[in-house]
Every structure is written in C-alpha cells, then in structure tokens.
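Have a look at the structure below before the remarks.
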Amino acid sequence: MPNDAPTPLQKAAKFEARDLTRTYGHGKRLTTAVDRVSFTIRDREIVSLVGQSGCGKTVLAKMLLRLETPSSGVLDFDGRPIGEVKDAREHWRKVQAVFQDPFAAFNQFFTIRAQLKSSFRLFKEKPSEAEMNDRVDQALLAVNIKPKEIEGKYPFELSGGQMQRMLLARIFILKPQVLIADEPTSMVDACSRAGILDYLMKLKEELQMTIVFVTHDIGLAYYVSDSIFIMHKGEIVEQGPPDQVIQSPTSEVTKQLLEDIPQVNREWIRRGEPGPAPLKQTA
Ligand SMILES: Nc1ncnc2c1ncn2[C@@H]1O[C@H](COP(=O)(O)OP(=O)(O)O)[C@@H](O)[C@H]1O
Ligand SMILES: [Mg+2]
C-alpha cells in the first residue's frame, strides 16, 4: 500500500481566510457584503455556504474565484495570497464555477459545441481539433448527454436542466481542482435537482475535486457536505461538520434555517439517513 495516501488529517488547505472582508461604497452608502470571515477549506472537501438571500454568499464565492478583490483581510490559495500571481487565468485553470443561471453563462449566438470547445482557450497548450472534439464528446457522455443530442444546437434550444449539464460538461473538460457551485439547483425542477447533485458527487470522486457549494437550502447542504458554513449579514456565524451544525446548532440563525426547511427533509435528517437522493457522504 502506498504510504503517501493522504488521510483526512493530512489534507492540505486549499483556501485559508483570515478576517476576510469585502465592502462596497463609502460613508452612508457603505455595504459590508462579507464581514471579517475566517475559515479553512481543505483539499477534496465539499463545503457548503448556507444563508438567506443577501447574506454575502455570492460575494464570498467571487473572492474565491478571484472575480472580486478583498477589501481587507487575508485570502490564501494553496498557501499563497490569491492575488500574488499576476495572470488571473492561472487561478481560473484551477478554480472554476457553475453559476445559478446556465443561460447567462453561454452565448446565445454560438452552438453549444463551439462554446464547449472554447473552454480550451484557458489551457496553456490548445489540443488538436480532433482531440478537442473527442474531449467534448467524453465530457458530454459524463453528464449523460449523447453528443448527437446537441449537434448543431444553440443554448435556447435546450432546457434549463440540459443547460445545467452543459455547465458541468465544461467542468469535465477543464478538470479544475476546485469547483464553486453557486446555487446550481435553483433553476431546475426537483428531478434534475437530484441529478445535478449526483454529478457534483461524481465530480468529487472522479476528478478528486474540492467543491464549494453555495445554497440557501440547509437540508441539501447536510447531505453533500464535509463542512457547513452558516452565513448571516456577511458573517460566518457557525461552522463545522454537518452532524454538529444540524444536530446541535449553536446560533439562532442556524436554528431558524432549520425551522424553515420542508417537513419531509427534516424527517430524513432526524432519521440520520439520506432521503430519496442518496447523497450523504460518509466521513
Ligand atoms: N457589486 C456590488 N455593489 C454593491 N453591493 C453589492 C454588490 N454585490 C453584492 N452587493 C451587496 O452585498 C450583499 C451580499 O450580496 P450577495 O453575496 O450577492 O448575497 P447572496 O449571494 O448571499 O444572496 C448584498 O447586500 C448585496 O446587495
Ligand atoms: Mg447569491
């Protein structure tokens, strides 16, 4: 047996934040979107950011993506300040996102295939035409789409669920180390919602990814996460493993979020077993 196999205790930190803050505006118009948050996100962990609309989840996610600059505090990626490397593409090769609205992520005027192929622009060395097409096909199959289903098609010809899978296919092409999934399930119906989560697990297992899963649904977070961060008004008010956060919440915010989840999800949590979607990871 190889003796360098990482155990959970040895997992390196991917992101390390200390008093990380992001504000907008000045004086009376000052908004503190993210307020002195501190956390560690370890390699190959699934971390859920949970909180109500407007609490700062997307702004925090964008800082991890290097799409927003911190106003103050520390944010390290792989042990180095996130802005240290001049070329941001260096970061985007390693950290990629799936956002809420898949239609906004694709240009309506180009075919799906052309846009999946354009992902290769981020690579240092662009593969040959044949290899690109082959890798696009592989990525489509990974998300259960037959390549001919999308042949010659444009984004508006696909359903919301299919488009979400196109975003995931992009991730299979780019194979980033970290995936930031910002409310990826809110656009799709309950059926595809379970499907999307299955893909997230597949990404974690097959591509050995670290995943930051942004959601307002604490029940969902419970099933997928190794760690849950509860956010409220820009702060992280509670963080820990899902069992700890859900079974013995310490903050009023967490208790309120638990009150708000549908009865059916609460039943699953109480029984300590996954519901219809078998998603809970054993630690
Ligand atoms: N570009 C911006 N300019 C000014 N305020 C912003 C900007 N982006 C986000 N905010 C504010 O930051 C707060 C957190 O927003 P956001 O992270 O999008 O919340 P969430 O994703 O949790 O719903 C909100 O009050 C929002 O209005
Ligand atoms: Mg948001």
Any idea which of Asp137, Asp182 is farther than 26 Å from Leu65 by Cβ and surrounded by 15 or more Cβ atoms within 10 Å (Cβ to Cβ)? Asp137
Tell me the residue from Leu203, Leu279 that is away from ligand 2 (no atom under 16 Å from the Cβ), buried (at least 22 other Cβ atoms within 10 Å of the Cβ) and either among the basic types (Lys, Arg) or at pLDDT below 85 (or both), please. Leu203
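May I ask you to say which residue of Asp243, Asp260 is on the phi < 0 side of the Ramachandran plot, surrounded by fewer than 18 Cβ atoms within 10 Å (Cβ to Cβ) and modelled with pLDDT under 90? Before the answer, list the steps.
Values: Asp243 fails: modelled with pLDDT under 90.
Asp260 is the lone residue from the list that is on the phi < 0 side of the Ramachandran plot, surrounded by fewer than 18 Cβ atoms within 10 Å (Cβ to Cβ) and modelled with pLDDT under 90.
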Filter result (part of a loop (DSSP other than H, G, I, E, B) and more than 16 Å from ligand 2 (Cβ to nearest atom)) within region 99-108: Phe106, Asn107, Gln108
Taking only pairs six or more apart or across chains, which ones have beta-carbon atoms under 8 Å, a first residue in region 15-34 that is more than 18 Å from Val212 (Cβ to Cβ) and in contact (Cβ under 8 Å) with a residue 40 or more places away in the chain, and a second residue that is more than 14 Å from ligand 1 (Cβ to nearest atom) and assigned to a strand (DSSP E or B)? Asp19/Arg36; Asp19/Ser38; Asp19/Ser72; Asp19/Gly73; Asp19/Val74; Thr21/Arg36; Thr21/Ser72; Thr21/Gly73
From the residues in region 76-102 that are farther than 24 Å from Met163 by Cα and crowded, with 22+ Cβ neighbours inside 10 Å, which one is farthest from ligand 1 (Cβ to nearest atom)? Phe77
Close pairs (7 angstrom Cβ cut-off, 6 or more residues apart or separate chains): within 16 Å of Leu179 (Cα to Cα) in region 48-65, within 6 Å of ligand 1 (Cβ to nearest atom) and part of a strand (DSSP E or B) anywhere: Val59/Ala33
Residue among Gln138, Gln100, Gln177 that is modelled with pLDDT of 90 or more and closer than 25 Å to His216 by Cα: Gln177
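Applying the selection to region 41-65, what residues are basic (Lys, Arg) and at pLDDT 95 or above?
Taking region 41-65 and keeping what is basic (Lys, Arg), we get 42, 44, 57, 62.
Listed by number, the residues that qualify are Arg42, Lys57, Lys62.
Do we have Ser38 as out of contact with any helix residue (DSSP H, G or I) (no Cβ under 7 Å at 6 or more places or on another chain), within 16 Å of ligand 1 (Cβ to nearest atom) and either modelled with pLDDT of 95 or more or within 27 Å of Ser225 (Cα to Cα) (or both) here?
Numbers: out of contact with any helix residue (DSSP H, G or I) (no Cβ under 7 Å at 6 or more places or on another chain): yes; within 16 Å of ligand 1 (Cβ to nearest atom): no; either modelled with pLDDT of 95 or more or within 27 Å of Ser225 (Cα to Cα) (or both): yes.
No.
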Quick check on region 119-131. Is at least one of its residues touching a Ser or Thr at 6+ places or on another chain (Cβ under 7 Å) and not charged (D, E, K, R)? no
Taking Val37, is it aliphatic (A, V, I, L, M), over 15 Å from the mean Cα position of the chain (by Cα) and within 23 Å of Gly240 (Cβ to Cβ)? yes
Within region 207-226, residues being modelled with pLDDT of 85 or more, of a type outside the set (A, V, I, L, M, F, W, C) and either under 13 Å from the mean Cα position of the chain (by Cα) or surrounded by fewer than 21 Cβ atoms within 10 Å (Cβ to Cβ) (or both) number 5
Asp76 versus (1) farther than 30 Å from Val237 by Cα; (2) among the acidic types (Asp, Glu); (3) touching a residue at least 24 places away in the same chain (Cβ under 8 Å): which is the lone unmet condition? (1)
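Of all strands (runs of 3 or more DSSP E) completely enclosed by region 19-98, which ones contain at least 3 residues that are away from ligand 2 (no atom under 16 Å from the Cβ)?
Output list reads 31-42, 72-77.
The values are calculated or read from the model by the stated rules, or taken from the named source; none is laboratory data. As the structure is a computational prediction, the values presented were derived from the model and not from experiment. Here Cβ is always computed from backbone atoms with ideal geometry, including for glycine, and neighbour counts include all displayed protein chains.
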